[in-house]
Amino acid sequence: MSAHSHADGQLPHEPEKATLEGRNKVLGFWLFLGGETVLFGTLFSAFLALRHQVLDGPPAHELFSLPLVALATALLLTSSLTSVFAVYALHTHRVKALIGWLIVTVVLGLGFLGLEIYEFYHYVHEGHGFTTSAFSTSFYTLVGFHGAHVAFGILWISLIIAQLMKKGLTVVTAPKVYVAGMYWHFIDVVWVFIFTVVYLMGKVV
Amino acid sequence: MASNHTATEENAKRHKVEGPKKHIIAFIFSILLTFIAFATVISGEINKDFIYIILIGLAILQVFVQMAFWMHMKDRGHTFAIIGILTGVFIASTCVIMAEYWAWW
C-alpha cells in the first residue's frame, strides 16, 4: 500500500480535500475555471458583435431548430446531475456506484456530442459553412469550442474511470474525480449561456 | 470485508454527508428555468428587448443555482475559489458588454 493510505485502511471524510495536494488541486482548478470563463467570454463577445452579419447564408432564426437544442440541453443537464451523484458516491465511499455514475455521465456526454455533430453536418448542408459569413464563423468557433470541451471531458472522465477500476478510491484518485466533476458542471454552465444567447436569442425575430 | 463496509457507512453517517435531495431539487429547478426560457421564445408575442432581459435573467439564475449546489460553492472554505471565478466573470462580462454596446457604435 502507498504512503497515502490511512493506518486503519479507511478513507477520511471528504477524501478529495484530505491532503494538501488535493486541496491545492481544487483551488487551482477554480482559478483555471476563472480563466476558462474569460476564454468563453471573449468567444461570446465575438458572437454577439457579429451575429447579424449573415451575408448570403441563412439567418439564425431560419437555421436553428429548438427541439434539437432542447434535447441536447436535457442530455447535458442530466449528465451534470449524474456527475453530482458520482461526487455523492465519492463522499459516501461507494466505489462501484461512483464508477457507475461516471459511466452514465460519459454516455450522456457522448449523446450530446453526437447531436452536435449531426447538427453541424445538417447546417453545412443548409449552406451554413465555417467561412460563409461572420455569423457562421463566430457561431462555429463558440459552439465548437464548447463541443471540444465536452469531447475532452469525455476522454478525461473515461481515463479516470479506468484508473478507479485499477487503483480504487484513494486520497490520490479522489481529487481527480472531484475536479473532473467540477469541469463537467462548468461545461453545463457554459451551455446554459449558449442555448440562451445563441439559440433562444437567435430565434427571437 | 463486511465489517469494514459497515464501518465506512458509520464513518459517513458521523460526518453527515449531504444527501442527493438538494441536488435533485436543483435539477428540477434548472429544468423549470430552461422550460420557461424555451416557452418564452416559442410563445413569442412579447417585446423583443423584454424577452432578452427575461432570457438573460433566467440564465444567470440557473447558473447561480448550479454553481452553488452542484459545484459546492455555497460550502465553506471557498473564499479564494469565489474570488478567482468572479475575477474571470468580471473580465468576461466587460468583454460581452463591450461587444454588445460599443462594437458597432
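The values are calculated or read from the model by the stated rules, or taken from the named source; none is laboratory data. Nothing here was measured: the structure is a model prediction, and the numbers come from that model. Cβ sites come from the backbone with ideal geometry, for glycine too, and all protein chains shown count toward neighbours. In case anyone asks, the SASA skips ligands and DNA or RNA and just uses the protein heavy atoms, side chains included. Shrake-Rupley method; radii C 1.70, N 1.55, O 1.52, S 1.80 Å.
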Subject >> ³J(HN,Hα) computed for each position of region A:112-127 - Karplus, 6.51 cos²θ - 1.76 cosθ + 1.60, integer Hz, glycine/proline x >> reply: 4, 4, x, 4, 5, 5, 4, 4, 5, 4, 4, 5, 4, 6, 7, x
Original post:
Between B:ILE31 and B:MET98, what is the spin-label point distance in nm, taking each point 7 Å from the Cα along the Cα→C-beta axis?
Top reply: 4.1
Subject >> Dipole-positive endmost among A:PHE32, A:GLY147, A:LEU75 within region A:1-157 (Cβ charges, Cα centre) >> reply: A:PHE32
**OP:** State, in square angstrom and to the nearest 100, the accessible area buried between chains B and A, both chains counted, probe radius 1.4 Å.
**Re:** 4400
**OP:** Enter the accessible area of A:SER158 (Å², nearest 10), with the probe set to 1.4 Å and all protein chains included.
**Re:** 50
**OP:** Taking the Cβ of A:TYR140 as the centre, find all other residues whose Cβ is under 14 Å away and add up their charges (Lys, Arg: +1; Asp, Glu: -1).
**Re:** -2
Original post:
Based on Cβ point charges of +1 for Lys and Arg and -1 for Asp and Glu, what charge dipole magnitude is obtained for the protein assembly as shown about its Cα centre, in debye rounded to the nearest 20?
Top reply: 1000
**OP:** At 1.4 Å probe size, with every protein chain present, just tell me what the per residue accessible area of the protein assembly as shown comes to in Å².
**Re:** 50
Subject >> Whole-Hz ³J(HN,Hα) from phi, Karplus 6.51 cos²θ - 1.76 cosθ + 1.60, for region B:84-94, glycine and proline x >> reply: x, 6, 5, 4, x, 4, 4, 5, 4, 5, 4
**OP:** May I ask for the equivalent-ellipsoid semi-axes of region A:105-154, computed as the square root of five times each C-alpha gyration tensor eigenvalue and listed largest first in whole Å?
**Re:** 23, 12, 5
Subject >> Protein-only accessible surface order, largest first, of B:ASP49, B:ASP75, A:ASP188, A:ASP56 at 1.4 Å >> reply: A:ASP56, B:ASP49, B:ASP75, A:ASP188
Original post:
Which of A:THR105, A:ALA18, A:SER136 sits farthest toward the positive end of the charge dipole of region A:1-146, with +1 on the Cβ of Lys and Arg and -1 on the Cβ of Asp and Glu?
Top reply: A:ALA18
Subject >> Efficiency of FRET between A:LEU159 and B:ILE24 - r from beta-carbon atoms, R0 35 angstrom, step 0.05 >> reply: 0.80
Subject >> Karplus-derived 3J(HN,Hα), 6.51/-1.76/1.60, for each residue of region B:54-59, Hz, glycine and proline x >> reply: 4, 4, 5, x, 4, 5
Original post:
Reachable lysines from B:LYS74, Cα under 24 Å, same-chain residues fewer than 8 places away excluded?
Top reply: A:LYS17, A:LYS25, A:LYS176, B:LYS13, B:LYS16, B:LYS21, B:LYS22
Subject >> For A:THR196, solvent-accessible area (1.4 Å; no DNA, RNA or ligand), Å² >> reply: 0
**OP:** Compute the semi-axes of the equivalent ellipsoid of the protein assembly as shown, taking the square root of 5 times each eigenvalue of the Cα gyration tensor, and list them largest first in whole Å.
**Re:** 39, 19, 18
**OP:** At a 1.4 Å probe radius, which order do A:MET165, A:MET201 fall into by accessible area, largest first?
**Re:** A:MET165, A:MET201
